[in-house]
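Comments concern the structure below.
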Amino acid sequence: QDVLAMEVKASPSQPHWYQRHVQPCLAELLGTALFIFIGCLAVLEDSEGTGRLQPALAHGLALGVTVTVLGNI
């Protein structure tokens, strides 16, 4: 009876090497490239008097859009 009463627990499967190593690196690369691209464009179109506000708002907007679009993933 004791043998029948024991629960058989499935061992959790280990994630594939691609999910552990490659996906986080690709996500970091794409995120960094996005922010560098947005930041450079914000500085190029810097009109007089905006100073540091325009790049800061551009980065904030890019982050907000990215979280909104990819938040469910």
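Please treat every number below as a calculation from the coordinates, not as lab data. Please read these numbers as outputs of a predicted model, since none were measured by experiment. No Cβ is skipped: glycine too gets one built from the backbone with ideal geometry, and neighbour counts run over all protein chains shown.
What the table shows:
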{"read-out": "Relative packing of 27-35, 54-62, 14-22, which averages over residues the other C-beta atoms within 10 Å, highest first", "value": "54-62, 27-35, 14-22"}
{"read-out": "Computed lengthening from Y18 to C40, 0.36 nm per intervening residue step minus Cα-Cα distance", "value": "4.8 nm"}
{"read-out": "Separation of the A56 and T32 label points, Cα + 7 Å toward Cβ, nm", "value": "2.5"}
